[in-house]
Each structure stands twice: as structure tokens, then as C-alpha cells.
1. Per residue, what accessible area does segment 91-219 have, given a 1.4 Å probe and all protein chains present, in Å²?
2. Tell me the accessible surface of residue 130 in square angstrom (1.4 angstrom probe, heavy atoms of protein chains only), to the nearest ten.
3. For segment 38-263, what proportion of DSSP beta bridges, expressed in % and rounded to the nearest 5, is antiparallel?
4. Please list 264-271, 177-184 highest first by mean number of surrounding beta-carbon atoms within 10 Å per residue.
5. Reachable aspartates and glutamates from residue 186, Cα under 20 Å, same-chain residues fewer than 8 places away excluded?
6. How much length is gained on full extension from residue 184 to residue 228, taking 0.36 nm per residue of separation minus their Cα-Cα distance?
7. Going Cα to Cα from residue 207, which lysines come in below 23 Å? Please leave out same-chain ones fewer than 8 positions away.
8. Determine the dipole magnitude for the chain: charges of +1 sit on the beta-carbon of Lys and Arg, -1 on that of Asp and Glu, nothing else is charged, the reference point is the Cα centre, and the result goes in debye to the nearest 20.
Amino acid sequence: MRCHYCQGEGTIFVENIGEWVCEKHFERYFLKRVDRVLRRVRRGSSILFGISGGKDSVAALHASSLIAHKYELKIGAAIVYTGLAPECLEVFRSLVDELNIEGIVIDVRDWGIIVPPDPLAACIVCGVVTRYLLNRYAVENGYDYVATGHNLDDMAYFAFNNLITHSLNYLYHQFDSVTQPLPDYKMAGKVKPLFWVSDNDALNYVKLKGLKSCITKCPHEGRDKQAILKPMLADVRKRWPPSLVNFVSSIRELAKRSSPGERRINLCEKCGYPTSGKVCAFCRLREKLKEVID
Ligand SMILES: [Zn+2]
Ligand SMILES: [Zn+2]
């Protein structure tokens, strides 16, 4: 196989363009797409990377660290730790050491969250808790944005799933590679450095750079909707390589152009952090866990 860009040996397949590329051009392709996201972040701001230890968050942080100086971005990293996967904590520690950035371990047990030993229950806890604690840490410690490892395959899935469930609110307000901070609502902005690269691109990047990562597979995997919809979308891309990039791009543009009016955000009656209802999902979850333990 020849590289799509040069005469060198093509050793890595890039699904979104349907071509083989050499290592040098893969790295160039990957960083260019991450750059496309980071240049939309306000110059000179600071970003807290939420790291699970999985390949996506590791790739997002590492690639961003190579570009951050260009936009005078300050970066730090945090792992929301449940006590269940010490190998992921190891990955996190060695990565922040290597990059020489601030690395914070947020232990959910310090927040009164006892993760149930049943992996299925643990899974429900982790999404809500991680999102809440990362935002809260960022807001309280002067970070403007929280970055996550969501990639193009995740975004295509979110878009498709929101369309078939007619949940347009998420698409209107959050479906973008960068959303700006709302300090009045104690809401950090969101950055998704891998918005334009595929799941496999992230895996290839981590391999190419010799970065350690851990398996963070959700125990629900294979049972939930993602397991049905993601392979279906991947199949569409296999036939028409640029299709998922175009799909995500189209939804993003449509969402931006439609004007849904003001976004309704309240502050939680218990903790003062943003929610769409009266009490936020984190506080409700904490109450529920208390009942279970009592
Ligand atoms: Zn090449
Ligand atoms: Zn709350």
C-alpha cells in the first residue's frame, strides 16, 4: 500500500478518507483535526482534561498538549476515580508525569458516592458523577473548559440517537466540538478534541506514540443501543468513507442555524450547580445511594 499523500509505505488505514497513509502523514492528519477544534477555544484560556485512562482521553490529551502552545492554552488533567480500576489510575499518573502538567485525582468516595460492586449499577453511577465532578472542579479551580475524549463515532451515534428519539435539546445546545463557558451558571465550556477523528484513529494514534492506556469498556456494552447503532454507522462509512464526517457536520450546522430560543438552565436547590430541573442529577443520585446504603 502506498501512502495517500506521499510515495512512502502506507501502514495505517484512515476510515474517514478511505485511504492508507504513512506514519508521518497519519500524525499530520490527526493533529490537523485536533487543531481544527482547539483553535475555536478562546485564546489564553485553561482546559481541564477528564481522563479515564482509555485510549480516547489519552489520545485527546496527548495530541492537545502538542498544539496548546499555539493558542496559549494552559492544560491540566483530572481522573474521576471510583477505586475500581487501579491500572487506569496508573495510566493517568504516568501520562501527567510525562506531559508535566497538573494532575488531580478526584475520588468519588470523598463525595459520599459508594460505587456499587455490581458492575451494571456502577455503570449508571459513573456517567452522571464524572460529568458533575469534572465541571465542578473546573469551575472551582479557575479552568474555563472541560475536555473529553468523545470521538467522531461517538458524535455520529449521539446525533443519530437524538434524531430517532426526537431529543433535539442536546443537539441545539451541545452538539459541537467546542461550547463556550457560562460562568453565571457555573458551567465550564466543553471541548472535544477528537470530534473529527474516528475511534480507530484514536487507537492508531495511541499505538503510534507508544502511549499506555487501559480498558474502560462499559459492562453494558453489547446490550445497549450503542452496540446496535455504532456498527450500523460504521458500515455506512465503510461503503462511503466521508459519510460520517459529513453527517456530523450537517447536524452541527443545522442545529446552529435553527433558533430554539433561550436555553433553560436552573441552579440546583441543593448544590447550586446547573440543572434543567430543581435538583440536579448528581444530588438526586446521591440521595438514592444513601437510601440504598441505609
Ligand atoms: Zn505519507
Ligand atoms: Zn445538585
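1. Counting only protein heavy atoms, the per-residue value for segment 91-219 is 46 Å².
2. Spelled out: residue 130, probe radius 1.4 Å, area about 50 Å².
3. Once the DSSP bridges in segment 38-263 are tallied, antiparallel ones form about 15 percent.
4. Descending packing order for the listed peptides: 177-184, 264-271.
5. Partners found: 140, 144, 176, 262, 269.
6. Stretched out fully, the residue 184 to residue 228 stretch lengthens by 11.9 nm.
7. 24, 32, 55, 192, 217, 230, 238
8. About 800 debye.
The values are calculated or read from the model by the stated rules, or taken from the named source; none is laboratory data. Values in this document were obtained by computation on a predicted structure and should not be read as measured data. Neighbour counts are summed over all protein chains in view; Cβ atoms, including those assigned to glycine, are modelled from backbone coordinates with ideal geometry. When the accessible area is computed, the model is the full protein with side chains, heavy atoms only, and any ligands, DNA or RNA have been set aside. Shrake-Rupley method; radii C 1.70, N 1.55, O 1.52, S 1.80 Å.
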